[in-house]
Amino acid sequence: NNNNENKIIVDFNQKYEISLCGDKLKDLEINESNETIIHQIFTSHVISYESFSNNPTLFFDERLMVRLNNKNILSWKVVGPMIMSQLCFNRSLNNEPSKKKGRWPWSPRGEPQSPSAVEMSPPLSPRTELEGGVISNQRKIVPTNEMLQSLNLNKGVNHISFEALSQATSKVTARIFLWESTDKVVISDIDGTITKSDVLGHVLTVIGKDWSHDGVASLFTKIKEHGYHLLYLSSRAIGQADSTRDYLKSILQDSTSLPEGPCLISPDGTLSALTREVILRRPDEFKIACLQNVWSLFPEDHNPFYAGFGNRDTDVTSYSIAGVPPARIFIINPEGLIQTIHKTYTQSYRSIENLILELFPHRHQNKSHLPHLPH
């Protein structure tokens, strides 16, 4: 059989079954005539949830086998490390091909599969959901209203953490931003908009080098001071989420840093995101869907998007579809010149600072009696 037919794909969305049948299968030759027998033996020794919950040490049994989507059957010794590599490191293993023939791991047809033929798809984003007062992990994205209310969030930014308790405690930190339903948001792309180049924006941030446009920190800080929230949007890969947030936090121009705000990243892998952003030049596919999801958090009669900064025609498309007024969509080129549909500014971000009151008037100038919200 050809390699494509034999290729095993381990995906966290597909069906998994476990069975104590390795000792029954080890002497069977792998061929098409034995396929039905192999699966019958596997099924007859399938482990139920009740059996496993009563005896979790079954995972250490030498006979344990795994079946994927009612097709491929592999030893837990083979597939287990691959799954753990993906869960712990978000990376698949590159093991050497097995030299054994006619022995496990099996594919339903053809030659035995080597570990190197297995591809791991990234798991779905986890969600914590309240069920009868007990928090349980679900492979979903959006938290329930009940869970959010139980967190007693403060207005502004809230720092939370997720902990997985086993022999050692693993912790993942995150931020939740709580805004008023009437607030206004200014969107900013990152690569080519905050940084000076799409490609170098991807590369230089990895090695910690600043490649930002002059004046961007000061302008965005003044926009924040005038009552607008900053939302950073990038089609970078999810694997670059930490480095991207760290980069934004590290920008310091004339003792001024970028204001804090949500940083929304593409859920794709690095190669896919880089291909879409730099080669295919279709980052709007992700950005449009992302901004529409953000708008869905606000009342239907309130458009939260006040302005947007980008560096490409695709940013104009994304922001326009999201509802940003065309006159407040600012596009910057590699030389630092900013333009809108109606007017071109002949300097960098610093020139817009001179028009800050005209373009970004104070939203709360008549509400000075309100208490200042802590960040």
> Among the residues of the range 34-53 satisfying the criterion of being among the hydrophobic types (A, V, I, L, M, F, W, C) and more than 16 Å from residue 74 (Cβ to Cβ), which is modelled with the lowest pLDDT?
Replying inline: 52
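When the range 45-82 is examined, which residues are found to be among the charged types (D, E, K, R) and either touching a Pro at 6+ places or on another chain (Cβ under 8 Å) or open to solvent by 70 Å² or more (accessible area, probe 1.4 Å) (or both)?
At the first step, the residues of the range 45-82 found to be among the charged types (D, E, K, R) are 50, 61-63, 67, 71, 77.
Hits for the range 45-82 are 50, 62, 63, 71, 77.
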> Of the residues in the range 17-33, how many are at pLDDT below 85 and exposed (fewer than 15 other Cβ atoms within 10 Å of the Cβ)?
Replying inline: 6
> Does the range 301-312 hold any residues that are open to solvent by 30 Å² or more (accessible area, probe 1.4 Å) and under 24 Å from the mean Cα position of the chain (by Cα), and which are they?
Replying inline: 311
> Which is closer than 20 Å to residue 184 by Cα and open to solvent by 40 Å² or more (accessible area, probe 1.4 Å), of 258, 231, 264?
Replying inline: 264
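Within the bounds of the range 224-234, is there any residue that is more than 23 Å from the chain's Cα centre (by Cα) and without any contact (Cβ under 8 Å) to a residue 60 or more places away in the chain? Spell out the reasoning first.
If we filter the range 224-234 for residues that are more than 23 Å from the chain's Cα centre (by Cα), which is where we start, we get 224-228.
If we keep only those that are without any contact (Cβ under 8 Å) to a residue 60 or more places away in the chain too, we end up with 224-225.
Checked against the condition, which is being more than 23 Å from the chain's Cα centre (by Cα) and without any contact (Cβ under 8 Å) to a residue 60 or more places away in the chain, the range 224-234 yields at least one hit.
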> Taking interchain pairs and intrachain pairs at least six residues apart, which have beta carbon atoms under 8 angstrom, with the first residue in the range 250-279 and at pLDDT below 55 and the second exposed (fewer than 15 other Cβ atoms within 10 Å of the Cβ) and among the charged types (D, E, K, R)?
Replying inline: 276/282; 276/285
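The values are calculated or read from the model by the stated rules, or taken from the named source; none is laboratory data. From a predicted model like this one, the values you see are computed outputs, not experimental measurements. Every residue, glycine as well, gets a Cβ built from its backbone with ideal geometry; the counts of neighbours run over all protein chains shown. We work out accessible area using only protein heavy atoms, side chains counted, and drop any ligands, DNA or RNA first. Shrake-Rupley method; radii C 1.70, N 1.55, O 1.52, S 1.80 Å.
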